[in-house]
Amino acid sequence: MIDRATIDKIMDAVNIVDVVGEFVNLRKAGVNYKGLCPFHDDKTPSFMVSPARQICKCFSCGEGGNAVNFLMKHEQITYPEALRWLAKKYNIEIQERELSDDEKREQSERESMFIVNEWARDYFHDILQNDVDGQAIGKQYFRSRGIRDDIINKFQLGFALTKRDAMCNEAKRKGYKDEFLLKTGLAIQNERGIYDRFAGRVIFPWLNVSGKVVAFGGRKLDAATKGVQQKYVNSPDSDIYHKERELYGIYQAKKAIVKEDCVYMVEGYTDVIAMHQCGLENVVANSGTALSNHQIKLLHRFTQNIVLLYDGDEAGIHAAMRGTDMLLAEGMNVKVLLLPDGDDPDSFARKHTAQQFKEYIEVHQTDFIQFKTELLLKGVKDPIKKAEAINNIIRSIAVIPDSMVRTQYIKDCSQRLDVNESTLISQTNKYIAQEHEEERKRLHREQDQDSSTEPTDTAASAATTAALSSLFPQNKEIERLLVQNIIRYGDRIIYSGLETEDGNTIDLNVAQYIDYDMASDGLSFSNDLYNQILREAVDHSTDENFKADRYFMQHPDPHISQLAATLGIETHQLSRSFVVKDTEEQLRQRINHLILDFRMDIVNQHLKDLQRQLKEAKNDMSRIKEIMPDYQETQKRRNELARQIGSDVIV
């Protein structure tokens, strides 16, 4: 457990711009910052971060909260894990009691897998640095590739001993279970037991965007032939690793990507490492897999500019062609550079300085039109083949989401290919229409599949409807506004010097007054979380220096802290500079009005229920006589509330 004092210390140290900036490329926007939302497919920046309020919110999908909420959602971690992440970032020591055996067993499976992977990374790295075979075989290989010790440490490179069960035996000795060695893919099982997947290989750990070890790549070496490459083996997909979602080097590159506002995409581990050593750090690799939408969206959060930096051989050309349209469809600005024959980014980086490499890229990179033109039209004289090549280029232009960018590319394409611009526009629109039609058909098929699997039990459907109705009462908006005021102004005094029955005077703050008024008629919120917030605000009202907004935004219950941050954002539009502080009288009037609206909603609901009962009673006069007194009293109560609110109600 992490105590409240430590939580406060962590939250006081947090700068939400720094935290969110670890995962999203943020740009200054007035007093706030904005970027592409990491929680949905965001085409234009809708994710706002307020340094003044220490909160964030996406104005498209609605996700938001404080730094803890952001980490929990983004990294899929628990509240304590998010606090530990922040404590580590800000060098805050956390004193925690030792977990019991039962609590250890209850630790999440994902966390156990991360722990095993972290241990394995350190184990492989230690073997490389300190074991005789690790130095003679593994380290010698890296040195033969010209990789310096500081780069070995930066990427935590390692070596797995050639003995097939060396790592497994050491893991068991350290107390790690076979179950997680197998689930992470570190080990393989057969009828004779489990053995090391990466035995005899140099090791490349995969770190996700937050620095957690999710997988490994292993390159097989043959000592007898002095380190000749044979093949790669990679971790299989698991609960914590899906290859199409990860990019090798993203953790080490993300700050440089933001700084340079550009990312270089290469193919392999050693390409990334060599470019870092050369001085170019804004580089990642998709390591032999087809570029995926997940990977593109991850990069788009840091920059919209990408250079595909591949070998000039057939495989490199194919990789560049394959990824171009996907990148364009996500709104990325795509450049392509195929290195001279015989060079890959690894070998080229080892022969040039960072400045020379940058200058070469600037001079030789091309946009996708030029790249495809040179590739598809070079030496082509056949009109049919030429038309096919031009159509290929137009299809790429058609996937660009921004109409202004499309227009500019069409103009450029018209000039380069000497084709009438109106013809290109017509063909582009044709491809766009075809894509829309395909999307419409796809959605229609999905709807048909959904309808075919819907339950036909009308009783079950009715029960579901009733359950949903109970979750969303009619006065939910008024309840939300009341709780919003408790969170924002719960500690503000709105009644000063009230005289009690014993002749003393008291002051009532917002939380105390709402609680007093509701309790006088036995009322409560329909939402248990709202009731908890009101109760805690009242309980802590007498605490010295109690500030409701700070208390709830830093609450140990993540549901409360996220709700507090979200409601705070809605009120303050992410910035203190837009807020005019209410006077005591203005705040009192608003709270009174909300309470009256809350009561009116309850009365109206009760009145509707009585009307329904009267309708069902029909000619049952005894039942009608039983209902009428309550109905008449409720009408009077409604009219009285309407008078107080200042409304006219026609009965």
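The set of residues in the stretch 595-617 that are open to solvent by less than 70 Å² (accessible area, probe 1.4 Å) and polar (S, T, N, Q) comprises N604, Q613. Elements of the type helices (runs of 4 or more DSSP H) sitting completely within the stretch 46-129 and holding at least 1 residues that are modelled with pLDDT of 85 or more: these cover 67-75, 79-89. If you go through the stretch 243-258 and keep only what is open to solvent by 30 Å² or more (accessible area, probe 1.4 Å), modelled with pLDDT of 90 or more and within 17 Å of the chain's Cα centre (by Cα), you end up with just Y251.
Listed here are the residues, each with its yes/no results for (1) touching a Ser or Thr at 6+ places or on another chain (Cβ under 8 Å); (2) open to solvent by 50 Å² or more (accessible area, probe 1.4 Å); (3) more than 18 Å from H276 (Cβ to Cβ).
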residue	(1), (2), (3)
N153	no, yes, no
C168	no, no, yes
G175	no, yes, yes
Q189	no, yes, yes
G200	yes, no, yes
W206	yes, no, no
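Out of all the residues in the stretch 640-648, is one or more closer than 19 Å to G522 by Cβ and more than 49 Å from the chain's Cα centre (by Cα)? Yes, some residue in the stretch 640-648 is closer than 19 Å to G522 by Cβ and more than 49 Å from the chain's Cα centre (by Cα).
Inside the stretch 291-339, can you point out the residues that are assigned to a helix (DSSP H, G or I) and over 18 Å from L36 (Cβ atoms)? Even if it seems obvious, please write down each step before you answer.
If we filter the stretch 291-339 for residues that are assigned to a helix (DSSP H, G or I), which is where we start, we get 293-300, 314-329.
Of everything in the stretch 291-339, those that are assigned to a helix (DSSP H, G or I) and over 18 Å from L36 (Cβ atoms) turn out to be E314, A315, G316, I317, H318, A319, A320, M321, R322, G323, T324, D325.
Among the residues of the stretch 108-121, the ones that are open to solvent by 70 Å² or more (accessible area, probe 1.4 Å) and either closer than 18 Å to D196 by Cα or hydrophobic (A, V, I, L, M, F, W, C) (or both) come to 2 in all. Of all residues in the stretch 275-294 being modelled with pLDDT of 90 or more and in contact with a strand residue (DSSP E or B) (Cβ under 9 Å, 6 or more places away or on another chain), which is nearest to Q355 (Cα to Cα)? Going through the qualifying residues, I end up with L280. Candidates are the residues of the stretch 485-495 that are open to solvent by less than 10 Å² (accessible area, probe 1.4 Å) and aliphatic (A, V, I, L, M); the one that is farthest from H555 (Cα to Cα) is I494. For the residues L498, L417, L482, the requirement of being surrounded by 10 or more Cβ atoms within 10 Å (Cβ to Cβ) and at pLDDT 90 or above singles out L482. Scan the stretch 333-345 for residues that are buried (at least 20 other Cβ atoms within 10 Å of the Cβ) and within 32 Å of the chain's Cα centre (by Cα) and the total you get is 5.
The values are calculated or read from the model by the stated rules, or taken from the named source; none is laboratory data. The structure presented is a predicted model; accordingly, all values stated were derived computationally and were not measured. Heads up, the Cβs are rebuilt from the backbone with ideal geometry, glycines too, and the neighbour counts pull from every protein chain shown. These area figures cover heavy atoms from the full protein model, side chains too; ligands, DNA and RNA do not enter into them. Shrake-Rupley method; radii C 1.70, N 1.55, O 1.52, S 1.80 Å.
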